[in-house]
Amino acid sequence: MMTDELDELELDDELIYVDDEEADRADGTLYEHLRMEVDRGQVALRIDKYLSEHLPHSSRNRIQQAADAGFIHVNGQPVKSNYKVRPGDVITLMLDRPHHDTTIEPEDLPLEVVFEDDVLMVVNKPAGMVVHPGVGNFHGTLVNAIAWHLRDVPTYDPNDPQVGLAHRIDKDTSGLLVVAKTPEAKSDLGKQFFHHETHRTYNALVWGNMVGDEGRIEGNIGRDPRDRQRMQVFEAGGDVGKPAVTHWRVLERYGYTTLVECRLETGRTHQIRAHMKHIGHPLFADEKYGGMELLRGERTASYKAFIQNCFKLCPRQALHARTLGFVHPVTREQMDFSSEWPDDLQALIEKWRKRLKIEN
């Protein structure tokens with residue numbers, strides 16, 4: 001059994017979601033991505049339970065979805081999640097695209113370094129840059145740029161999971177991220193994020209006039225069963241999804257939109273985007289969560305043109321990781337960083353301010 005590979009494998013988007021471009025290329029050929037043999041002496045056990053025990057980064061629910069999609073084979077044949085494994089069974093993960101080499105190579109890409117010392121650095125990611133290589137984005141990512149920047153640091157291996165980014169943000173979200181240069185720093189920062197000891201705030205422009213000046217959103221976040229690219233909010237404390245809490249407060253109001261600051265207690269995938277959608281205030285220009293439509297305001301031609309011009313100024317979710325705070329892993333000093341709005345978000349906010357000023 002390939003223990004090291006299995007420990008790192010997560011049956012998530014790459015397994016159970018194929019984007020439209022890849023679907024168009026699919027010709028029915030299946031490619032092996034993983035192979036494991038059931039140990040001697042193994043008692044009969046449902047394959048979804050067996051794999052959930054051997055793939056620590058994958059949930060049983062995702063494994064069941066993979067089996068239902070025909071991706072999990074035993075002895076060369078697809079099986080359902082209730083199949084019971086037996087000693088000597090050969091389990092394979094078969095996908096409709098070849099296995100891609102995910103080795104991270106240094107690439108000379110623009111990188112804004114906000115702070116750097118011997119054990120860590122803080123970078124300001126632009127919108128549109130993918131953080132880590134994945135399906136459809138194997139080059140030109142932030143970690144490729146970081147690998148180039150640290151290419152002369154002999155102790156930094158971009159392919160070693162014990163170093164590197166301590167957290168992530170979405171491709172079309174801009175803002176601050178911390179990178180660990182040593183395993184000790186990565187471990188320490190990881191514990192701070194896990195125990196919610198870091199401080200992170202985001203600025204977001206959302207649709208609608210928020211009721212009240214501040215609030216708290218709590219609700220589990222998990223994959224939307226109807227669209228694997230999106231996250232959905234489920235009942236807080238329930239069995240579906242992972243617990244998530246977002247605090248928000250109003251910074252400015254523009255009538256039909258509101259500029260808010262969001263503070264994260266947890267760091268789930270698409271947390272702010274999903275939580276704001278859940279309470280009826282999708283992020284402005286967030287196409288995936290319904291924000292790239294005229295959701296509030298007038299039906300006049302001039303207002304529609306104004307909104308379309310706003311979308312052109314900032315054609316991505318209006319979300320920026322504004323501040324980041326943590327305790328330095330070595331000096332134990334409190335480190336706090338802030339980043340200015342990128343040009344597209346700055347232009348969008350100024351356009352709404354100008355419109356509000358004219359109306360008043």
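The values are calculated or read from the model by the stated rules, or taken from the named source; none is laboratory data. Predicted model, so just to flag it, every value in this text is computed and none were measured. Methodologically, a virtual Cβ is constructed for each residue, glycine included, from the backbone with ideal geometry; neighbour enumeration extends over all protein chains shown. The area values use the complete protein model at the heavy-atom level, side chains included, leaving out ligands, DNA and RNA. Shrake-Rupley method; radii C 1.70, N 1.55, O 1.52, S 1.80 Å.
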(request) Go through region 108-139 residue by residue and tally those that are more than 19 Å from residue 340 (Cβ to Cβ), at pLDDT 95 or above and in contact with a helix residue (DSSP H, G or I) (Cβ under 7 Å, 6 or more places away or on another chain). (result) 4
(request) State all residues of region 344-358 that are closer than 29 Å to residue 121 by Cβ and not aliphatic (A, V, I, L, M); if no residue qualifies, say none. (result) 344, 346
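Of 55, 51, 15, which residue is open to solvent by less than 20 Å² (accessible area, probe 1.4 Å) and at pLDDT below 60?
Working: 55 fails: at pLDDT below 60; 51 fails: at pLDDT below 60.
Exactly one of 55, 51, 15 is open to solvent by less than 20 Å² (accessible area, probe 1.4 Å) and at pLDDT below 60, namely 15.
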(request) Would you point out which residue out of 324, 319, 264, 348 is touching a helix residue (DSSP H, G or I) at 6+ places or on another chain (Cβ under 6 Å) and within 29 Å of residue 231 (Cα to Cα)? (result) 348
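Taking the conditions exactly as written (open to solvent by 40 Å² or more (accessible area, probe 1.4 Å), assigned to a loop (DSSP other than H, G, I, E, B) and farther than 30 Å from residue 274 by Cα), does residue 172 satisfy them or not? Break it down stepwise before answering.
On the way: open to solvent by 40 Å² or more (accessible area, probe 1.4 Å): yes; assigned to a loop (DSSP other than H, G, I, E, B): yes; farther than 30 Å from residue 274 by Cα: no.
For residue 172, the condition - open to solvent by 40 Å² or more (accessible area, probe 1.4 Å), assigned to a loop (DSSP other than H, G, I, E, B) and farther than 30 Å from residue 274 by Cα - is not met.
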(message) Being in contact (Cβ under 8 Å) with a residue 40 or more places away in the chain and in contact with an Asp or Glu (Cβ under 8 Å, 6 or more places away or on another chain) is the requirement here; does residue 203 meet it?
(response) yes
(request) Filter region 183-201 down to residues that are open to solvent by 30 Å² or more (accessible area, probe 1.4 Å) and assigned to a loop (DSSP other than H, G, I, E, B) and give me whichever is nearest to residue 265 (Cα to Cα). (result) 196
(message) For region 148-160, check the following and say yes or no: at least one residue is touching a strand residue (DSSP E or B) at 6+ places or on another chain (Cβ under 9 Å), at pLDDT 95 or above and either of a type in the set (A, V, I, L, M, F, W, C) or outside any loop (DSSP other than H, G, I, E, B) (or both).
(response) yes
(request) Test residue 267 against the stated conditions and say whether it is modelled with pLDDT under 95, in contact with a strand residue (DSSP E or B) (Cβ under 9 Å, 6 or more places away or on another chain) and open to solvent by 70 Å² or more (accessible area, probe 1.4 Å). (result) no
(message) I'm trying to understand the selection: among the residues of region 293-343, which are in contact with a Lys or Arg (Cβ under 7 Å, 6 or more places away or on another chain), without any contact (Cβ under 8 Å) to a residue 40 or more places away in the chain and either open to solvent by 80 Å² or more (accessible area, probe 1.4 Å) or more than 22 Å from residue 127 (Cα to Cα) (or both)?
(response) 294
(message) Quick test of your reading of the structure: residue 233 fulfils all but one of (1) closer than 21 Å to residue 287 by Cα; (2) open to solvent by less than 10 Å² (accessible area, probe 1.4 Å); (3) touching a helix residue (DSSP H, G or I) at 6+ places or on another chain (Cβ under 6 Å). Name the failing condition by number.
(response) (2)
(message) Checking residue 213 against (1) more than 17 Å from residue 290 (Cβ to Cβ); (2) surrounded by 17 or more Cβ atoms within 10 Å (Cβ to Cβ), only one condition comes out false. Which one?
(response) (2)
